[in-house]
1. Using only the Cα atoms of segment 1-153, what are the Rg and Dmax in Å?
2. Based on DSSP, what percent of beta bridges with both residues in segment 116-256 are antiparallel, to the nearest 5?
3. How big is the convex hull of the Cα atoms of the chain, per residue, in Å³?
4. Note down the net charge around residue 224, summing +1 for each Lys or Arg and -1 for each Asp or Glu among other residues with Cβ under 13 Å from its Cβ.
5. Taking 29 Å as the cut-off for C-alpha to C-alpha distance, list the pairs among 4/220; 159/276; 9/250; 134/255; 10/255; 136/250 that go past it.
6. Measuring from the lowest to the highest alpha carbon on each principal axis, how far does segment 12-90 reach, largest first, in angstroms?
7. Please give me the summed charge of the neighbours of residue 101: other residues whose Cβ is under 15 Å from its Cβ, Lys and Arg +1, Asp and Glu -1.
8. Tell me, what is the percent relative contact order of the chain, built from C-alpha pairs under 8 Å that lie six or more residues apart?
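The values are calculated or read from the model by the stated rules, or taken from the named source; none is laboratory data. These numbers come from a predicted model, not from an experiment. Virtual Cβ from ideal backbone geometry, glycine too; neighbours counted across all protein chains shown. Note: accessible area is taken over every heavy atom of the protein model, side chains too, but ligands, DNA and RNA are not part of it. Shrake-Rupley method; radii C 1.70, N 1.55, O 1.52, S 1.80 Å.
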Amino acid sequence: MDTKPFIIKKITLRASNISVMRNFYENLLQFHVISETDSSVSYAFRENEEAFLTLEFGGRLRKKNTAGLFHYAILFPDVSSKATIVDRIIKNNYPIGAGDHLVSESFYINDPEGNGIELYHDRDSTEWIWEDGKVKMGTLPVDVQALLDQKNNHLDYPKNMKIGHLHFTGNSIAKSDEFFNELLNTDLVSFVGDTAHFYSQNHYHHNFATNIWEGENINKRNLLENGILKWELEVSKDYYDSISQRIIEKGIPFKDDENSISIEDHVGSKLILFKKI
């Protein structure tokens with residue numbers, strides 16, 4: 001479906017270890033603190049920008065094999081900025097992995113409480129290969145040194161950084177399809193057998209994904225445990241109105257005010273839709 005704007009504005013994570021998590025996000029990744037209280041902290045990529053990430057403390061250890069966030073993906077507008085943070089992570093001996101996905105080149109880390117983070121840069125969309133509505137993706141090795149050769153002298157996040165997509169761990173591909181395709185009106189654009197589906201708006205390679213790699217018998221995470229609490233989308237008025245009507249017609253419990261509506265997503269966290277004013 002084509003609908004703009006369609007922006008993943010922010011995610012909120014439940015967290016427990018204040019000092020360790022703040023050290024990771026502020027000293028290793030060097031995100032900017034936009035606001036903080038005794039029980040929360042919010043981050044932006046640059047000073048005086050809107051927050052894209054909030055940590056709410058007071059959580060407890062997440063049980064294994066529960067549904068929730070697989071990773072949130074940070075999209076870099078240029079290769080050199082991505083190379084600079086990857087170089088910093090490697091020099092700090094922090095565990096990192098990588099994959100060339102044909103449409104993009106990605107690096108993967110986990111924060112200290114197990115939330116996956118993808119750091120990626122898209123290849124030009126003219127290079128993406130589409131066939132019968134599906135985009136070709138894969139996982140190939142990355143030439144890490146070739147990337148590092150393009151790094152900047154110091155880390156300075158550029159303008160237009162954003163969350164590019166969200167990938168969830170679920171217990172049912174059918175429930176994921178129902179949530180993303182039937183409710184949010186996305187397009188199914190790729191899949192890994194019957195174990196992972198990838199969903200798109202505006203002909204992007206994917207805005208969302210869900211996998212069931214931990215099995216179909218896992219439970220929803222208790223929201224007092226560490227992990228994703230909520231995620232926020234900014235959308236057009238027409239899209240907002242159509243999804244709101246669909247929520248009502250399907251009898252889905254919701255909360256709303258003048259310009260937002262919130263529901264439970266397919267893994268038990270909260271989705272908040274904001275209408276672009």
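1. Rg, Dmax (Cα atoms, Å): 16.8, 51.
2. Values: 11 of 15 bridges.
Rounded to the nearest five, the antiparallel share is 75 percent.
3. 139
4. Residues near residue 224 contribute +4 overall.
5. Over 29 Å Cα-Cα: 4/220; 134/255; 136/250.
6. Reported extents, whole Å, longest axis first: 37, 30, 21.
7. -3
8. Rounded, it is 24 percent for the chain.
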